[in-house]
Amino acid sequence: MIALVPLARPGEVLLWAAPLPGESEFVLEDPLALDYLGQQVGYFLLPALTTRSGQAQYFAVVLYGLDLAARALKEYGLSDDDDERRRLFERWERLWALATLESRNGSLGRGHPDAMRGARGVGKTWFSGEKPLPRDYPLISRQSELGGLGAYLVPLRDLGLVYPGSLRITPAATPIVDAFWGEPGTMHMQRFDNWALHVLAPATARIERKFQNFRLATLGERSRLTSILGRKSQQDRIFEAAVERAPPPTLAVARLVEQATRLDIHDPRDLLVAMLAGRCGPVDASLRDLLALALAFGDTAVAVRDCFDTIYTDITDAGFIAARARIVAQSLTTERLDNLRRAAAALLAAPQLARLQQLPMHGRVFLRLAEDLSGATPDAALDHILAFHRRVQRERTTGDSWIAQESGDLRIAQTRYTGHRFEARFPAFKFNIVRNLLETTGRLPAANGAPQ
C-alpha cells in the first residue's frame, strides 16, 4: 500500500510554472522583449524589410501568386473577397513548393538554397514516380501567416507593390510578374502560366507530373528560389523595387552592408563599428546617428540579457531556489556590473534616443531601466532587471515574472526557458536580410554557392 507522506518544506520542492498562451506573438526565449526591441531598431535602418523577407525570388513568387489568384477569380467565377484570394494563393504556393521539390528530386536538406517556407510539409507529401500528387496537402500550419504571403505581404505593401489593406498588386509590380517565367518573349511562358491557372480551378484535386508536354520538374526549375540567379534583368527589377525605391535609409544601409561583406565583415556589431569608422563608405549625419543608436542599444541589450540569464542559470543550478544574497554575489560580479553600467550610460548618451522612447511597446521602460542601471549597486541592479522583466511579461499579458521573490529567496517560476543556456547575442538588425537580398539580386556572390 502506498502511503502519502507530508513534505517538511514543500516551498522548496514544489513549483508552479504558468504556461504562455498558445497564440502569443512573443516567444518564450525573449524574456525581456529585447528581440522585439532589436527588430524595431532594425526598422529604423531598413524600414520596409522584415526579418523574413530576404529572398529576391520570394518577392516574385508572392506577387505572381497574387496576380494569378486575381485572374483565377474571374476565370472560374469565384467571389472576389480576400478569403477567396488567400485560398487561391495558397493553392499556388503548394503547387510551387511541389514543383520545386520535384525539380530537386525530392531533396531539400537543411540550409538548401531552394528550401521554401513549409519545406517539411511538402517533403512529407512528395513521392517519386509518375503518379499525380495531391493539391490540397498541409504545407505549413497557419499557412496564411507562416507561408510566403505571411512573410512577404507587409514589405510588399510598404514597397508599393501591393495596395495597402488588400491582396491586389499595383502597377509597379507588373514588370516583375510579367517576367516571372522568363523575360518577355521567352518560349513556353504562357504554357507554364496555363498550368498554374489550371491547378487553381475548383474542379482540380491533384497535380499531374506532366501538363501540355511539360514536366512538373521543369515548372520547378523555372520558378524555384535559385531560378533568379543569373537572370540579371529580373534581379535588377527586384533590387530596384525592394531596395532602391524603399524608404530611406534602406539603400544607403544596403550599400554599406555590401562593402562590409566585400571586406569580410559579417558580425552585426563589427558591421556597425566599421560603418561608423567610415570603412564601408561615406555615412551622412542622420544615418550616423541611427547607426550609433543601434550600436549603443545592442551593447546594452547584450549586457542586460547576460545579467538576466546568469541570474536565471544560477538559481536553476541551485535547485530552482536560492538565497537572494547568494545570487547577487554570484551573478552580479564587479566585471558584469561595470559592463552593464558602461553600456547603459552609453545608450543614454546616444543620439536619436527619442526614436527608441517613442516605440509603442517597451521602449520607454527600457530606457528607464538604463537610467536605473547606470549607477546601480548590485542589489539594486537585480531589483531593476527583475522589475523590468515582470513589467514586460504583464504588458504581454503572458503572466508574471519567471523569477519569484519570497522571504529572501529567489525561485524559478517558469521552468521552460532555455535561452539562458546560450551566450547573449548582439541584435542582427536585419543586416543578414539585406545581405541575402544583395546576394540573390546579384550584387554579391552567393555565399552558399547555390546551384542554378
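The values are calculated or read from the model by the stated rules, or taken from the named source; none is laboratory data. Being a predicted model, the structure only gives us computed values, none of them experimental. Cβ placement follows ideal geometry from the backbone for every residue including glycine, while neighbour counts extend to all protein chains displayed. For the accessible areas, the whole protein counts, side chains as well, though only heavy atoms, and no ligand, DNA or RNA atoms are used. Shrake-Rupley method; radii C 1.70, N 1.55, O 1.52, S 1.80 Å.
Compute the signed sum of charges (Lys and Arg +1, Asp and Glu -1) over the other residues within less than 11 Å, Cβ to Cβ, of Thr316.
-1
Treating the angle as unsigned and between 0 and 90°, give the value, to the nearest 10°, between the Cα long axis of helix 378-395 and the longest Cα principal axis of the chain.
The angle comes out at about 40 degrees.
From largest accessible area down, sort Lys430, Lys210, Lys131; use a 1.4 Å probe on the protein chains.
Lys131, Lys210, Lys430
Taking Cα centroids, how far is the stretch 163-219 from the stretch 28-92 in Å?
18
If you look at just the Cα atoms of the stretch 83-237, how large are its Rg and its Dmax in Å?
Gyration radius and largest Cα-Cα distance of the stretch 83-237: 15.3, 43 Å.
Using r as the Cβ-Cβ distance of Thr333 and Arg110, and R0 as 35 Å, what FRET efficiency do you calculate, to the nearest 0.05?
Result of the calculation: an efficiency of 0.35.
Measure off, as a whole percent, the carbon and sulfur share of the 1.4 Å-probe accessible area of the chain, all protein chains present. Walk me through the numbers before you get to the answer.
Working: 10580 of 20780 Å².
The nonpolar share, carbon plus sulfur, comes to 51 percent.
Mind listing the Cα extents of the stretch 247-374 along all three principal axes, in Å, largest one first?
So the three principal-axis extents are 53, 33, 23 Å.
On a 1.4 Å probe surface of the protein chains, which of Asp264, Asp136, Asp306 comes out largest in accessible area, and what is the full order?
Solvent-accessible surface, decreasing: Asp264, Asp136, Asp306.
In deg cm²/dmol and to the nearest 500, what is the mean residue ellipticity at 222 nm of the chain if only DSSP H runs of at least 4 residues count, each as -39500 (n - 2.57), divided by the residue total?
For the chain, the value works out to -16000 deg cm²/dmol.
With labels modelled as points extended 7 Å from the Cα through the Cβ direction, what inter-label distance (nm, one decimal) is found for Arg191 paired with Glu130?
The modelled label-to-label distance comes out at 1.8 nm.
Starting from the eigenvalues of the Cα gyration tensor, five times each then square-rooted, give me the equivalent ellipsoid semi-axes of the stretch 59-126, largest first, whole Å.
Equivalent ellipsoid semi-axes, largest first: 27, 11, 10 Å.
Apply the Karplus curve 6.51 cos²θ - 1.76 cosθ + 1.60, θ = phi - 60°, to the phi angles in the stretch 429-434 and return the couplings in whole Hz, x for Gly and Pro.
Along the stretch 429-434, the couplings run 6, 6, 4, 5, 5, 5 Hz.
So, for the chain, what is the accessible surface per residue at a probe of 1.4 Å, expressed in square angstrom? All intermediate terms of the calculation are to be shown ahead of the outcome.
On the way: 20780 Å² over 452 residues.
Ligands and nucleic acids excluded, the result is 46 Å² per residue.
When averaged across all projection directions, what area in nm² does the alpha-carbon convex hull of the chain cover?
27.8
Based on alpha-carbon positions alone, could you give the equivalent ellipsoid semi-axes of the stretch 302-410 from the gyration tensor, as √(5λ), descending, whole Å?
25, 18, 10
Using amide H atoms built in the peptide plane, which far-off residues or other-chain residues are under 5 Å from Lys210 H to H?
Placed amide hydrogens put Leu216 under 5 Å from Lys210.
Run the quick spin-label model on Ser79 and Lys232: label points 7 Å from Cα toward the beta carbon, then report their separation in nm to one decimal.
For Ser79 paired with Lys232, the spin-label model returns 5.0 nm.
Take the Cα gyration tensor of the stretch 172-302, multiply each eigenvalue by 5, square-root it, and list the three semi-axes largest first, rounded to whole angstrom.
Calculated on Cα positions only, the semi-axes equal 43, 16, 14 Å.
What do you get for the angle between helix 334-348 and the principal long axis of the chain? Use alpha-carbon atoms, 0 to 90 degrees, nearest ten.
It works out to around 60 degrees.
Scanning the chain for chymotrypsin sites (Phe, Trp or Tyr not before Pro) in DSSP loops with at most 12 other Cβ atoms within 10 Å, what's the longest stretch left with none? Present the calculation step by step, with values, prior to reporting the outcome.
On the way: sites that count: Trp16, Phe127, Phe422.
Longest run free of exposed loop sites: 128-421.
Taking the 0 to 90 degree range and rounding to the nearest ten, how far is the long axis of helix 285-317 tilted relative to the main principal axis of the chain, both from C-alpha atoms?
The angle comes out at about 60 degrees.
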